[in-house]
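Since the structure comes first, as structure tokens, the remarks are kept for the end.
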Amino acid sequence: MLRKLDYIASLGVNTIWLLPFYPSPGRDDGYDISDYRSISPEYGSIEDFSRLVEAAHSRGIRIIIELVVNHTSDEHPWFQRARRAPEGSIERDYYVWSDTTEKFADTRIIFVDSQTSNWSWDPVACAYYWHRFYAHQPDLNFRNPAVVDELLAIMRFWLEKGVDGFRLDAIPHLIERENTSSENLPETHQLLKQIRRVIDTEFPDAVLLAEANLWPDDAREYFGDGDECHMAFHFPLMPRLFMALAKSSSGPIRDIMEVTLSIPSQCQWAIFLRNHDELTLEMVSEEEREFLWDTFAADKRARLNLGIRRRLSPLLDQDRRRIELLHILLLSLPGSPVLYYGDEIGMGDNIALGDRDGVRTPMQWSADENAGFSTATPSALDLPVIVDPHFNYQAINVDQQDGDQHSLLNWIRERLCIRHHYPAFARGGMDFVEVDDHKVVAYVRSLGDQHILCVINLANQPLATSLILSDFEGFVPKELVGGQSFPAVAARPYTLTLQPYAYFWLLLEHRYTC
Ligand code: NOJ
């Protein structure tokens, strides 16, 4: 990682989100933690970690780490102790126990493909324990103040090591209550406020990023009044970007943005196209899910739980125009864009691998053995490198794309560089622009007197479209990549022609007249 920091900096990325690196039995790729205060030896040591943090900071890069708050591994010493501890003891109550599986019956199952109940029997404790994910991930009991203290101590431990924040895994599920869905309970929000108070007092620069796969209204709650998480992933936007593309319609984007309420000024959405999990389709209707499954996962092996376990480029049939289009949306819609490693070079996946492993294969750095990812014997790799005809690492790798000025990698670098240049993309407001064709989505991002008009053709056909830009009469649109000026906006609708899947980012410059 130390050797790759310059690459990350060269992308224009300013924050790394590290997936779990803690000691773990690895039955959920590290989301099953058995020790929160060290590093799994296969990744390095605490000293290595400190070097990484220091080296990242010296390049202006921040590091956000995973904090799997909701559950531990069943191999964690807390669970081993709890199952043997007397009923009613503090140690036993680190987890949630029951004599029956009837309790919290209104709570849904998340991993529907592999779990049939949120309760599993523990023969040592002679009781059922609660788990929202895999059975080997017992849920912690946050009604026990000792557990809250443990969590705060773990946060302090890593913040003292210099980390810049935490992605808080699965936080809607922290606390459960009878006759509720056991998600987003007021108690959970109270707990987050308590955590935030500690962060604000002791580590005011740290960021809390909520993983809460929810509708905008519910996700909005995780910002509180600016006193819970600083950031939250915008889950419902993601499938709608794919839907807008598949239907060649601006509707899905407009609909979701219109119900995305404003958030406290110091907060921000994290927006994304893909990540290490399945492309979740929980935040769409059943009909929309069927449509997205049929469109993007006709091969049923690609379906997992309520989602699709594929990477971006294979989802889009390696179509460079559509890959660019989704990135143009990602980089210009409100929120901090989060890129998934490998998507910047159009990496492929391997659906023959189990669970979500197919989208977690080694980064393709070069055409060297193991894609330059490791010098180990190939059979010793945790997951194999991609070797299929379209996506193999000899053809798709950083080395190759670095030297090609027209590569996807360099295209993304250039867009990120432009984005950094114009704060309106990061902090600006957003107003949809009226267009005469639903195949086009157009909006203006504005911050102070900086206005950027984004116009995107979601269809695989050339078209001319008219935009109502009354507020910008007299302004001159300047294309942000090539710097060319377009005709000034006049009183009548503004016409643009766009190639299939083409887009413009146009700075609206005020033309002063004396
Ligand atoms: C969300 C993580 O992103 C996912 O990979 C994991 O399996 C679950 N939480 C359970 O920790």
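Just so it is clear, none of the values below were taken in a lab; they were calculated from the coordinates. Just so you know, these numbers come straight off a predicted model, no measurement behind them. All Cβ positions, glycine included, derive from the backbone under ideal geometry; neighbour counts span all protein chains shown.
If you go through the range 16-32 and pick out every residue that is of a type outside the set (A, V, I, L, M) and within 9 Å of the ligand (Cβ to nearest atom), you end up with 6.
Considering only residues of the range 210-266 that are of a type in the set (Gly, Ala, Ser), touching a residue at least 60 places away in the same chain (Cβ under 8 Å) and at negative phi, which is surrounded by the most Cβ atoms within 10 Å (Cβ to Cβ)?
Initial filter on the range 210-266 (of a type in the set (Gly, Ala, Ser)): 210, 212, 219, 224, 226, 232, 244, 246, 248-251, 262, 265.
Adding the requirement that they be touching a residue at least 60 places away in the same chain (Cβ under 8 Å) leaves 244, 248-251.
Add one more test, that the residue is at negative phi, and what stays is 244, 249-251.
Numbers: Ala244: 25, Ser249: 18, Ser250: 20, Gly251: 14.
That would be Ala244.
Here Ser50 qualifies as in contact (Cβ under 8 Å) with a residue 24 or more places away in the chain, over 22 Å from the mean Cα position of the chain (by Cα) and surrounded by fewer than 20 Cβ atoms within 10 Å (Cβ to Cβ).
Would you mention how many residues in the range 149-181 are part of a loop (DSSP other than H, G, I, E, B) and more than 13 Å from the ligand (Cβ to nearest atom)? Please lay out each step first, then the result.
First, pick out the residues of the range 149-181 that are part of a loop (DSSP other than H, G, I, E, B): 161-164, 170, 174-181.
Retained after the next criterion (residues that are more than 13 Å from the ligand (Cβ to nearest atom)): 161-164, 175-181.
Matching residues across the range 149-181 total 11.
Of note, Asp355 satisfies the criterion of being within 16 Å of the ligand (Cβ to nearest atom), of a type in the set (Asp, Glu) and surrounded by fewer than 22 Cβ atoms within 10 Å (Cβ to Cβ). The residue that is farthest from the ligand (Cβ to nearest atom), among those in the range 107-122 that are within 29 Å of the chain's Cα centre (by Cα) and of a type in the set (Gly, Ala, Ser), is Ser117.
Residue by residue, here is whether (1) in contact with a Pro (Cβ under 6 Å, 6 or more places away or on another chain); (2) touching a residue at least 60 places away in the same chain (Cβ under 8 Å); (3) aliphatic (A, V, I, L, M) holds:
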| site | (1), (2), (3) |
| --- | --- |
| Tyr393 | no, no, no |
| Gln401 | no, no, no |
| Arg415 | no, yes, no |
| Val433 | no, no, yes |
| Lys439 | no, yes, no |
| Gly448 | no, no, no |
| Leu463 | no, no, yes |
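Does the range 186-201 contain any residue that is within 16 Å of the ligand (Cβ to nearest atom) and either of a type in the set (Val, Ile, Thr) or touching a residue at least 12 places away in the same chain (Cβ under 8 Å) (or both)? Yes, that holds for at least one residue.
Please specify each residue of the range 119-164 satisfying the condition of being acidic (Asp, Glu) and buried (at least 21 other Cβ atoms within 10 Å of the Cβ). Steps first, please.
Just the residues of the range 119-164 that are acidic (Asp, Glu), to begin with: 122, 139, 149-150, 160, 164.
Residue satisfying the conditions is Asp139 alone.
Of the residues making up the range 249-276, those that are in contact with a helix residue (DSSP H, G or I) (Cβ under 8 Å, 6 or more places away or on another chain), within 16 Å of the ligand (Cβ to nearest atom) and either among the small types (Gly, Ala, Ser) or in a loop (DSSP other than H, G, I, E, B) (or both) are Leu273, Arg274, His276.
Output yes when any residue across the range 271-288 is more than 27 Å from Phe391 (Cα to Cα), charged (D, E, K, R) and under 18 Å from the mean Cα position of the chain (by Cα), and no when none is.
Within the range 271-288, the subset more than 27 Å from Phe391 (Cα to Cα) is 282-288.
Remaining after also requiring charged (D, E, K, R): 282, 286-288.
If we keep only those that are under 18 Å from the mean Cα position of the chain (by Cα) as well, we get 282.
Yes, the range 271-288 contains a residue that is more than 27 Å from Phe391 (Cα to Cα), charged (D, E, K, R) and under 18 Å from the mean Cα position of the chain (by Cα).
Applying the criterion of at least 2 residues that are in contact (Cβ under 8 Å) with a residue 40 or more places away in the chain and aliphatic (A, V, I, L, M) to the helices (runs of 4 or more DSSP H) found wholly in the range 284-351 leaves 320-332. Of the residues making up the range 352-390, just one is outside any loop (DSSP other than H, G, I, E, B), within 21 Å of Ile308 (Cα to Cα) and of a type in the set (D, E, K, R), namely Asp357. It is to be established whether one or more residues within the range 80-94 are of a type in the set (Asp, Glu), over 21 Å from Ala170 (Cα atoms) and either within 14 Å of the ligand (Cβ to nearest atom) or out of contact with any Phe, Trp or Tyr (no Cβ under 7 Å at 6 or more places or on another chain) (or both). Scanning the range 80-94, I find at least one residue that is of a type in the set (Asp, Glu), over 21 Å from Ala170 (Cα atoms) and either within 14 Å of the ligand (Cβ to nearest atom) or out of contact with any Phe, Trp or Tyr (no Cβ under 7 Å at 6 or more places or on another chain) (or both), so the answer is yes.
Conditions (1) in contact (Cβ under 8 Å) with a residue 12 or more places away in the chain; (2) within 15 Å of the ligand (Cβ to nearest atom); (3) part of a strand (DSSP E or B), marked per residue:
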| residue | (1), (2), (3) |
| --- | --- |
| Ala105 | no, no, no |
| Val124 | yes, no, no |
| Phe133 | yes, yes, no |
| Gln137 | yes, yes, no |
| Val147 | yes, no, no |
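Scanning the range 200-234 for residues that are over 28 Å from Gly162 (Cβ atoms) and of a type in the set (D, E, K, R) gives Asp217, Asp218, Arg220, Glu221, Asp225.
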